Amino acid sequence: MTTMQTTLPTADDIRDRVRVALQAIGADVPLGEPGQPGLQASTPITGDVLFTVAENTAEEADAAIAAAAEAFTAWRTTPAPVRGALVARLGELLIEHKADLATLVTVEAGKITSEALGEVQEMIDICQFAVGLSRQLYGKTIASERPGHRLMETWHPLGVVGVITAFNFPVAVWAWNTAVALVCGDTVVWKPSELTPLTAVACQALIERAAHDVGAPGTVSRLIQGGREIGETLVDDPRVALVSATGSVRMGRQVGPRVAARFGKALLELGGNNAAIVTPSADLDLAVRGIVFSAAGTAGQRCTTLRRVIAHRSVVDTVVERVVTAYRSLPVGDPSAEGTLVGPLIHERSYRDMVGALEQAEADGGEVIGGEHCAIGGELGAGAYYVRPAVVRMPAQTAVVHDETFAPIVYVLTYDDLDEAIALNNAVPQGLSSAIFTTDVREAERFMAADGSDCGIANVNIGTSGAEIGGAFGGEKQTGGGRESGSDSWKAYMRRATNTVNYSSELPLAQGVQFG
Ligand code: UN1
């Protein structure tokens with residue numbers, strides 16, 4: 001099998017694909033020539049700017065928030081199952097346009113076709129989950145200490161939810177937030193990454209069509225496009241009750257305190273630095289497959305990407321050898337071509353960060369295998385950054401290993417006993433995902449116990465990435481503490497009221513207090 005392609009589509013080919021997909025989706029937005037004022041919609045496949053997409057002004061962002069706030073006043077009292085009908089329709093439209101939207105994801109984020117389709121599937125899944133949830137928003141009834149009293153909790157819509165998303169999951173993370181927020185009775189204003197404006201336009205067209213089809217106001221979900229300043233309108237506006245932001249730890253450090261300063265709520269999904277422990281009892285076939293998908297998939301650009309392997313001394317050489325062998329045969333190239341498994345990095349800065357991290361790792365005594373730049377497509381790919389994923393054997397977990405470099409680098413560390421491996425897993429500032437490969441039930445349980453992995457996700461015998469939507473998704477420490485998607489994550493999108501009802505004709509006070 002050839003592991004490196006030599007051809008790429010031309011920018012004009014890619015423009016045609018975009019036009020066809022947007023037209024099928026019904027996203028009728030003006031697309032300007034490259035270089036005109038507005039957002040430059042580009043593709044990492046060739047590095048070319050494809051179109052210019054209109055950028056919103058601060059006044060337009062303000063108007064979008066006002067419209068969503070206005071829509072909220074009626075949406076919050078619309079019965080939840082009726083709200084669910086909107087999300088059900090969105091899910092149907094996503095099924096119908098799965099391939100079209102995936103084409104746009106591949107073009108803008110550089111994901112291989114299968115992963116782009118998987119991302120749209122994740123949207124469909126969360127819509128179906130949210131539709132069920134629309135009949136399952138429940139509160140507790142709690143035993144009251146007073147006779148003739150009922151103590152209970154009710155959950156109410158929160159308000160406008162500001163959603164800020166990153167380039168690497170340009171559509172799924174919007175859907176996680178929007179599908180759940182809408183059934184919870186909230187309205188949404190979305191600020192996508194400025195690197196992925198075309199997928200955003202497509203999603204907006206689909207939600208507006210869904211709203212039209214079910215007779216819901218289109219203003220329940222708004223899109224604002226632009227750079228950091230546009231995102232800041234969501235962060236600082238007191239009408240935005242919850243800011244759900246996905247991105248770097250650096251971004252979260254700004255967003256969290258600013259939202260807190262106005263007593264808004266923040267849901268943060270920030271960086272990960274995810275590790276997999278490989279124990280002596282591990283099924284190595286499984287471990288190597290899990291490692292390769294989690295570390296090299298999406299060209300290392302998921303927040304759940306596997307960035308560290310912590311392997312027992314007795315298996316580390318075999319694991320490295322097998323991962324390196326697998327890496328050599330990974331087809332790198334055009335993500336839209338059949339058979340490709342590793343697409344491009346998003347931009348030059350990512351590539352520079354990768355090179356910088358590998359140089360630092362080497363300076364720290366690391367042995368770097370792979371990581372080369374692959375010049376693909378000659379002239380066509382002049383502005384594109386394709387790399388072979390890198391494995392780096394490290395003598396210790398140095399500072400560079402503590403950073404999240406958003407590229408396909410997996411550092412390999414060696415351990416002698418499980419306590420040491422768990423300590424290494426937990427020694428980084430981030431706490432998103434983690435995994436252990438073992439066939440020993442004691443090791444597996446220990447890893448998931450209170451003194452085990454400190455991450456929001458702790459898996460056994462699967463990699464760190466590729467979570468299902470049914471579970472709550474998110475992580476601890478610098479990952480930000482937020483939980484999105486399944487389980488009871490919906491509670492972050494609602495406000496809780498505690499109600500005490502006295503159905504007796506006495507007025508007993510709690511704690512036995514006597515008053516008059
Ligand atoms: C992200 O990278 O921001 O678990 C989200 C996964 C995906 C979601 C990743 N379901 O890898």
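Restrict the search to the range 409-516; then list the chymotrypsin sites (Phe, Trp or Tyr not before Pro) that DSSP places in a loop and that have at most 10 other Cβ atoms within 10 Å of their Cβ.
TYR503, PHE515
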| task | Could you grab the relative contact order for the range 274-469? Cα pairs under 8 Å, six or more apart, rounded to a whole percent. | result | 30
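Rounded to the nearest whole Å³, what is the per residue volume of the convex hull around the Cα atoms of the range 313-368?
91
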| field | Within the range 180-250, trypsin sites (Lys or Arg not before Pro) in DSSP loop having at most 13 other beta-carbon neighbours inside 10 Å | value | none
| message | Could you compute Rg(Cα) / (2.2 N^0.38 Å) for the range 274-469, with N its residue count? | response | 0.99
| note | Neighbour-count ranking for GLU269, GLU122 (other C-beta within 10 angstrom, fewest to most) reads GLU122, GLU269
| task | Report relative contact order for the range 1-96 in percent, whole number only (criteria: Cα-Cα under 8 Å, sequence separation at least 6). | result | 19
| Quick one: if you take sqrt(5λ) for each eigenvalue of the C-alpha gyration tensor of the range 384-516, what semi-axes come out, biggest first, whole angstrom? | 44, 19, 15
| field | Mean-position separation - Cα centroids, the range 35-50 and the range 197-255, in angstrom | value | 21
| field | Between the range 82-116 and the range 129-183, the alpha-carbon center distance in angstrom | value | 23
| field | Exposure proxy ranking, count of Cβ atoms within 10 Å, fewest first, for VAL120, VAL324 | value | VAL324, VAL120
| request: Provide the packing ranking of 133-140, 186-193, i.e. peptides ordered by the mean count of other C-beta atoms within 10 Å per residue, highest first. | output: 186-193, 133-140
| field | Largest-first principal axis extents of the Cα set of the range 61-138 (Å) | value | 42, 33, 20
| query | Mind listing P(r) for the chain? All alpha-carbon pairs, 20 Å bins, whole percents. | reply | 23, 52, 22, 3, 0
| query | Could the peptides 396-402, 475-481 be put in order, highest first, of the mean number of other beta-carbon atoms found within 10 Å of their residues? | reply | 475-481, 396-402
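Magnitude of the Cβ-charge dipole of the chain, K/R +1 and D/E -1, about the Cα centre, nearest 20 debye?
1400
Read-outs throughout are calculated quantities, based only on the coordinates presented, and are distinct from any laboratory measurement. Quantities reported herein were computed from a predicted structural model and do not represent experimental measurements. Methodologically, a virtual Cβ is constructed for each residue, glycine included, from the backbone with ideal geometry; neighbour enumeration extends over all protein chains shown.
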